[in-house]
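The values are calculated or read from the model by the stated rules, or taken from the named source; none is laboratory data. Here the structure is a predicted model, which is why all the values come from computation and not from measurement. Cβ sites come from the backbone with ideal geometry, for glycine too, and all protein chains shown count toward neighbours. For the accessible areas, the whole protein counts, side chains as well, though only heavy atoms, and no ligand, DNA or RNA atoms are used. Shrake-Rupley method; radii C 1.70, N 1.55, O 1.52, S 1.80 Å.
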Amino acid sequence: MVIMFSLGLGLPSSAKPSVEELLDDRTAFRWGKGFLAWVVHYPDYIVEPWVMEVTGGNGDPTGKVAEDFKKALRMDTSTPVLLSVYVYGGREVSLAPLSKAFFLRKDDGTEISPSYYEKTLDEPISDFAQGLVFFPKVEGPFKLVLKKGHTSELVFEFPDDMRARLKKNLQEEASRIAKAQSMTKEQRKETSNDSSQLEAFKEAAEKLQKEKEKLQKTIQELLQEREILKNRIEDLSLALEKERKLQQAQQIPKTTKKEAQKAETSLEPKEEKVVGYEREVLLDKFLEAWKAGDWDAIFSLLSPTMRAQLGNPAGLKKLFEEKHLPEQLPDRYEVKRQDDPNKVAVTFAPKILFVRTLRSLRLEMEKVDTGWLIGSLK
């Protein structure tokens, strides 16, 4: 029976699994009312294969690339999870506050709230939202639970943990059965009259078989659901890319360099006045400076109030770090204009592993004597 159980679980092969295969085992999804939610857990053991993959097999699993990856996901102190929500049906979905709606549940029943998460997940979701959620570091199998957006709890259970739990149960049952089978003839004779004990062994064997069949059925269903999810994600990516191109085509043309120079000349400061710009020129200068990671240039575009608050470009850089913003704006970004012409949102998607997370920075322009400067960054 021990041999049968081992074969049924499928022992790992000698070949090391790929990053994609490891992520498959740490991905789970559930359907809510009007939305699809899926989670990805980044375990510690994914660091080495990821480094080897991105460096073509020449990376150091303990080197700088690995350290930067672990730092981005706070692996030393946290259990990092990526939560994605795709809304359909035309109704907004709100998970706010996520700190009370989303939590980690250990096998002993302990429930743990997030220690930090990206605040974009607290905003109403009309199409698609994605962000990192960090829980205090935990060991062993666990489940993730979402309480909002459905009539009952949405419980996310990873295939890897399901197999680990079943393997543990099967090993315990197999050990008990093997112990019973190893009894001597005399011991069996002594216990032959104990019908309740024999019945208990019979029930245990039947329970094992049922659990094995249930697991096999669940694994098949998960494989089918995974294919559905992959197809939906591909469709969603195509739709978002199409929408991005359409919005770019509809955007007001950016101010030309010649016009910007003319505007800067016309707004040249007199004496001690702070230099301001036209709103479009200011936005272009900010984006170009952020792309180049030029903190001095960005600092020069801030209002006197913000400069006084931050002190110097180093203070500005610290602000970006606290907001978990990249030092350089990614190539793919989108400028979303608000109802107020002085407010603009810059949306971008920094890539973490194989997933891009949607992020945004909202800036508000402030009027000065000679034009406009950036009054706040949120």
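Some points to look at:
- Qualifying residue in segment 35-48 (condition: open to solvent by 40 Å² or more (accessible area, probe 1.4 Å) and among the β-branched types (Val, Ile, Thr)): no
- Listing of strands (runs of 3 or more DSSP E) fully contained in segment 295-378 that carry 2 or more residues being in contact with a helix residue (DSSP H, G or I) (Cβ under 8 Å, 6 or more places away or on another chain), under 19 Å from residue 277 (Cβ atoms) and in contact (Cβ under 8 Å) with a residue 24 or more places away in the chain: 343-348, 359-368, 371-377
- The set of residues from segment 111-135 being modelled with pLDDT of 95 or more, open to solvent by 50 Å² or more (accessible area, probe 1.4 Å) and more than 13 Å from the chain's Cα centre (by Cα) comprises 111, 113, 115.
- Here residue 152 clears all of (1) modelled with pLDDT under 95; (2) touching a strand residue (DSSP E or B) at 6+ places or on another chain (Cβ under 9 Å) except the condition numbered (2).
- Failed item, numbered, when residue 216 is tested on (1) modelled with pLDDT of 75 or more; (2) open to solvent by 100 Å² or more (accessible area, probe 1.4 Å); (3) not hydroxyl-bearing (Ser, Thr, Tyr): (2)
- Scanning segment 358-366 for any residue that is small (Gly, Ala, Ser), open to solvent by 30 Å² or more (accessible area, probe 1.4 Å) and at pLDDT below 90 turns up at least one such residue.
- Residue in segment 136-154 that is more than 30 Å from residue 323 (Cβ to Cβ), surrounded by 15 or more Cβ atoms within 10 Å (Cβ to Cβ) and under 17 Å from the mean Cα position of the chain (by Cα) present: yes
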